[in-house]
Amino acid sequence: PGPSVLYRAEGAVHVNGSVPITGQTTFTTGDVIGVAVDIDNTTVYFYKNGSLQGSKTFSSSDQFFPFFRHSL
């Protein structure tokens with residue numbers, strides 16, 4: 001499998017299955033989660049209820065296959 005970036009309900013961002021990057025807030029039922037990918041600046045952004053929760057840069061050679069899963 002290719003590279004992956006996950007923003008999980010406990011508030012951690014996992015990159016390629018690595019130890020989580022912490023600092024983001026948790027989310028629960030009723031929260032609106034947003035993800036934005038800036039291809040030009042090779043950055044993925046994570047939002048909760050319209051507020052930026054964190055970001056992660058990636059390699060410009062990575063391929064993208066968006067996938068969303070609801071599992072609260």
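The values are calculated or read from the model by the stated rules, or taken from the named source; none is laboratory data. Bear in mind the structure is a predicted one, so any value in this text is a computation, not a measurement. Positions of Cβ are generated from backbone atoms using ideal geometry, with glycine treated the same way; all protein chains shown enter the neighbour counts. Each accessible area value is taken on the protein alone, full model and side chains, heavy atoms only, with ligands, DNA and RNA left out. Shrake-Rupley method; radii C 1.70, N 1.55, O 1.52, S 1.80 Å.
Condition check: under 11 Å from the mean Cα position of the chain (by Cα), open to solvent by 70 Å² or more (accessible area, probe 1.4 Å) and modelled with pLDDT under 75. Does residue 66 satisfy that?
Here the answer is yes, as residue 66 does meet what is asked.
Are any residues in region 10-33 surrounded by 14 or more Cβ atoms within 10 Å (Cβ to Cβ) and either modelled with pLDDT under 75 or aliphatic (A, V, I, L, M) (or both), and if so, which ones?
Going through region 10-33, the residues surrounded by 14 or more Cβ atoms within 10 Å (Cβ to Cβ) turn out to be 11-15, 20-21, 24, 27, 33.
Once the filter is applied, which keeps residues that are surrounded by 14 or more Cβ atoms within 10 Å (Cβ to Cβ) and either modelled with pLDDT under 75 or aliphatic (A, V, I, L, M) (or both), region 10-33 yields 11, 12, 13, 14, 15, 20, 21, 24, 33.
For the list (1) at pLDDT 75 or above; (2) assigned to a loop (DSSP other than H, G, I, E, B), I need the number of the one condition that residue 44 fails.
Result: residue 44 fails condition (2) only.
Identify the residue in region 47-57 that is part of a strand (DSSP E or B) and at pLDDT 85 or above and, among all such residues, is least open to solvent (accessible area, probe 1.4 Å).
Ranking the candidates gives 48 first.
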